[in-house]
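Note sheet for the following structure.
The values are calculated or read from the model by the stated rules, or taken from the named source; none is laboratory data. A quick note: this is a predicted structure, and the numbers were derived from the prediction, not measured. Positions of Cβ are generated from backbone atoms using ideal geometry, with glycine treated the same way; all protein chains shown enter the neighbour counts. Only protein heavy atoms, including side chains, enter the accessible area calculation; ligands, DNA and RNA are left aside. Shrake-Rupley method; radii C 1.70, N 1.55, O 1.52, S 1.80 Å.
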Amino acid sequence: MTTPHSVIFGGSFDPLHNGHLDIMHYVLQTLHAKQLILLPTFCSPFKKGFLLSPKERLIMCEMTSAYLATCYPQAHIMTCDFEVMQSKPTYSIESVRFLKKTLGDSTRLGFVLGWDNYAQFHLWKDYTILSSMLSLFVFDRGNHDLTSFNALTQGLGLRDLEAHFIPFCSAISSSYIREQLTKKNCVNEVFGQIPSFLVPTLKDFLHKHLL
């Protein structure tokens with residue numbers, strides 16, 4: 001597996017949790033990416049309802065970029081506000097084209113996504129074009145194996161698709177955290193699933209929304 005120079009990790013990050021951070025560490029430590037780009041959405045075309053505002057999620061990504069920069073001084077780690085600044089749902093093809101233009105058309109790009117998103121890849125706007133522009137890194141929470149991944153990839157029928165299966169056992173999910181945060185007696189327990197450097201800021205944000 002040859003890792004692209006730059007790897008995009010997009011998502012709602014609502015909220016950003018330790019599972020996200022573990023993937024970022026993997027991209028930088030194991031895949032040896034030279035650049036990691038966090039790309040928070042304004043509003044995902046596939047999701048409805050958010051706990052945190054786009055600006056709050058952007059701030060948490062920026063804080064995470066700053067933290068990772070201290071851990072990996074040899075890498076370039078940044079948060080891209082392109083989708084948040086659109087103030088509307090933005091398709092991945094638009095963001096990738098923007099980043100290709102910004103970084104240079106010759107820059108090889110990787111793209112992190114989970115199994116659920118990969119299973120819906122054929123529903124993404126201009127997915128055939130997108131598949132020719134990216135190397136996909138599919139992180140799975142341990143529910144699938146390489147055989148099922150290969151079958152799913154073959155079913156997509158994309159000749160130019162370069163996709164890599166990465167088993168990654170993490171039971172943490174943003175949807176579970178959001179659900180637990182609505183149960184006030186579970187709030188402190190949930191904070192243990194959030195990177196410690198983000199907890200004070202998240203508490204401030206939640207104070208406006210829930211607590």
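Return the total of residues in segment 161-210 being in contact (Cβ under 8 Å) with a residue 24 or more places away in the chain and not basic (K, R).
Counting residues in segment 161-210 that are in contact (Cβ under 8 Å) with a residue 24 or more places away in the chain and not basic (K, R) gives 29.
Only one residue in S131, S135, S175, S170 is open to solvent by 40 Å² or more (accessible area, probe 1.4 Å) and either of a type in the set (S, T, Y) or touching a Phe, Trp or Tyr at 6+ places or on another chain (Cβ under 9 Å) (or both). Which one?
None of the other options fit; the residue is S175.
Table: residues versus (1) open to solvent by 10 Å² or more (accessible area, probe 1.4 Å); (2) at pLDDT 95 or above; (3) not polar (S, T, N, Q).
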| residue | (1), (2), (3) |
| --- | --- |
| M1 | yes, no, yes |
| P4 | no, no, yes |
| G10 | yes, yes, yes |
| H25 | yes, yes, yes |
| K55 | yes, yes, yes |
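Listed residues I23, I8, I37; which is in a helix (DSSP H, G or I), among the β-branched types (V, I, T) and within 11 Å of the chain's Cα centre (by Cα)?
Matching residue, one of I23, I8, I37: I23.
Given the criterion in contact (Cβ under 8 Å) with a residue 12 or more places away in the chain, closer than 25 Å to F197 by Cα and not hydrophobic (A, V, I, L, M, F, W, C), identify the matching residue among K100, K88, K55.
K55
Looking only at segment 93-140, filter to residues that are farther than 14 Å from L158 by Cβ and among the hydroxyl-bearing types (S, T, Y); which one of those is farthest from the chain's Cα centre (by Cα)?
Of everything passing the filter in segment 93-140, S106 is farthest from the chain's Cα centre (by Cα).
What number of residues within segment 110-123 are crowded, with 18+ Cβ neighbours inside 10 Å and either of a type in the set (D, E, K, R) or out of contact with any His (no Cβ under 7 Å at 6 or more places or on another chain) (or both)? Can you show your working first?
Looking only at segment 110-123, we keep the residues that are crowded, with 18+ Cβ neighbours inside 10 Å, and these are 110-113, 115, 117-118, 121.
Filter again for either of a type in the set (D, E, K, R) or out of contact with any His (no Cβ under 7 Å at 6 or more places or on another chain) (or both), leaving 110-113, 117-118, 121.
Going through segment 110-123 one residue at a time, the tally reaches 7.
When residues of segment 60-79 are filtered for being farther than 17 Å from V27 by Cα and either in a loop (DSSP other than H, G, I, E, B) or open to solvent by less than 20 Å² (accessible area, probe 1.4 Å) (or both), how many remain?
So the count comes out to 1.
For segment 150-167, name all the residues that are closer than 24 Å to N18 by Cβ and open to solvent by less than 40 Å² (accessible area, probe 1.4 Å).
H164, F165, I166
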